[in-house]
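To start, the structure under review is shown below, and the notes come after it.
The values are calculated or read from the model by the stated rules, or taken from the named source; none is laboratory data. Note that this is a predicted model, so its numbers are computed, not measured. Here the Cβ positions follow ideal geometry from the backbone for every residue, glycine too, while neighbour counts run over all protein chains shown.
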Amino acid sequence: MLAKYMQVVDWVKAQIAAKNLKRGDRFYTEGELMEIFGISRQTVRHAVGVLEYENILERRQGVGTFVSGPLAPNGKKTIGVAFGFLDGYVNSAILHGIEEILQKNGYTVQLALSEYEIEAEYRVLCSFLESDVQGIILEPARSRVFNPYGQIFNEIKKRDIPLVFMGSYRDEYAFPYVSMDDVAAGRMATEYLINAGHKRIAGLFISDVMHGVLRYQGYTEALRAAALPYTPWQMLWYTNEDELEIFKAPPRVLKRLEGCTAVVCYNDRLAVHLVDALTTIGFRIPEDISVVGIDNTEMAALCRVPLTTIEHPKADLGRQAAENIIKTIQSPDFDATHLIKPRMIERDSIRAVSE
């Protein structure tokens with residue numbers, strides 16, 4: 001069964017075709033679509049986001065939703081692209097990079113969202129196979145969690161359909177991947193704090209995706225290289241579901257930060273929430289504790305204390321993934337694995353300390 005948002009996507013396309021709607025024609029609003037399908041605004045926004053990226057619908061702020069162009073052609077040169085979510089965090093910029101390269105090379109994008117759920121990812125991959133895509137770019141769902149639908153990856157390999165993991169990967173399947181060098185990102189963030197004089201550095205990392213484990217690896221490598229203490233009590237692990245919940249129990253977070261002068265966060269979103277939670281209970285950033293994030297998203301610059309962070313390549317990653325899937329289609333022996341080096345962005349959330 002198709003995910004709810006994909007049911008909306010297919011229905012919208014059918015409505016545009018049946019009513020012979022043209023560019024500029026007004027379409028149903030998000031509220032009207034919510035009523036028609038009896039679904040949440042978030043689900044409608046996922047669907048409309050897909051339709052926007054396929055150049056089918058256009059949202060005009062304060063005006064409404066309009067048809068923006070013809071339906072994408074069902075030609076043979078189609079690449080299936082699957083994200084967990086499409087949002088302004090990182091993925092929207094990655095998708096723009098993918099589309100830029102694929103369109104230049106005559107490919108269309110069949111976009112789908114898994115909502116970071118393994119079962120939904122399985123349905124997405126099945127739909128790609130049914131559509132006879134020429135290649136697949138996949139941001140894997142929960143890449144550190146056992147996948148009971150592994151047979152779909154075996155089927156993709158059996159059919160000789162090129163697949164490139166994007167942003168993360170599953171190490172149990174021998175498919176190439178294009179990603180930021182997450183180990184280097186975790187190491188760079190930690191080394192920056194070490195060079196600023198910090199010796200007790202906490203870490204907050206996600207456990208159910210490969211990014212988190214690799215960034216943690218870089219964090220521990222930097223501590224060990226500097227012969228600095230590291231204990232499990234300096235660490236706080238969480239999963240996707242826990243990301244905001246952990247801040248509803250401040251003592252749990254404070255226990256991990258006890259005795260530390262700095263903390264490395266898995267990403268900017270976590271770092272921003274941490275800054276908000278700490279300042280609410282009286283901590284000063286960076287006077288009482290320094291905070292570094294990873295990804296260099298807009299929220300990092302807009303944080304109440306602008307975040308020092310590691311820049312995620314975003315659009316460059318998308319372009320590289322698209323280039324590598326095309327090269328793999330043209331030459332099956334091409335090694336499409338590629339790591340992009342991160343770089344440091346210095347702002348106000350870190351202070352130097354002396355012994």
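Structure notes:
- Scanning the stretch 223-244 for residues that are farther than 25 Å from ARG284 by Cβ, assigned to a helix (DSSP H, G or I) and free of Cβ contacts under 8 Å to residues at least 60 places away in the same chain yields ARG224, ALA225, PRO232, GLU241, ASP242.
- The one condition in (1) among the aliphatic types (A, V, I, L, M); (2) surrounded by 15 or more Cβ atoms within 10 Å (Cβ to Cβ); (3) without any contact (Cβ under 8 Å) to a residue 24 or more places away in the chain that LEU33 fails to fulfil: (3)
- Summed over the stretch 123-136, the residues that are assigned to a helix (DSSP H, G or I) and under 16 Å from PHE175 (Cα atoms) give a count of 1.
- Remark: pairs (first residue in the stretch 125-140, farther than 17 Å from LEU95 by Cα; second residue modelled with pLDDT of 95 or more and of a type in the set (Phe, Trp, Tyr); Cβ separation under 9 Å; 6+ apart in sequence or on different chains) = LEU125/PHE153.
- Only listed residue being acidic (Asp, Glu) and under 25 Å from ASN55 (Cα atoms), chosen from ASP171, ASP132: ASP132
- Residue in the stretch 146-198 that is surrounded by the most Cβ atoms within 10 Å (Cβ to Cβ), counting only those that are among the acidic types (Asp, Glu) and closer than 30 Å to THR308 by Cα: ASP182
- Count of the stretch 305-345 residues which are free of Cβ contacts under 8 Å to residues at least 60 places away in the same chain, part of a loop (DSSP other than H, G, I, E, B) and surrounded by fewer than 24 Cβ atoms within 10 Å (Cβ to Cβ): 5
- Hey, VAL291 assigned to a strand (DSSP E or B) and either touching a His at 6+ places or on another chain (Cβ under 6 Å) or under 26 Å from GLU241 (Cα atoms) (or both) or not: yes
- Residue check for PHE175: assigned to a loop (DSSP other than H, G, I, E, B), under 20 Å from ALA336 (Cα atoms), out of contact with any Ser or Thr (no Cβ under 7 Å at 6 or more places or on another chain) and in the same structural domain as GLY97 (by TED's automatic domain parsing): yes
- Scanning the stretch 76-108 for residues that are assigned to a helix (DSSP H, G or I) and among the aliphatic types (A, V, I, L, M), we see that the one that is surrounded by the fewest Cβ atoms within 10 Å (Cβ to Cβ) is ALA93.
- In the stretch 109-127, the qualifying residues are those that are among the β-branched types (Val, Ile, Thr) and surrounded by 19 or more Cβ atoms within 10 Å (Cβ to Cβ), and the one that is modelled with the highest pLDDT is VAL124.
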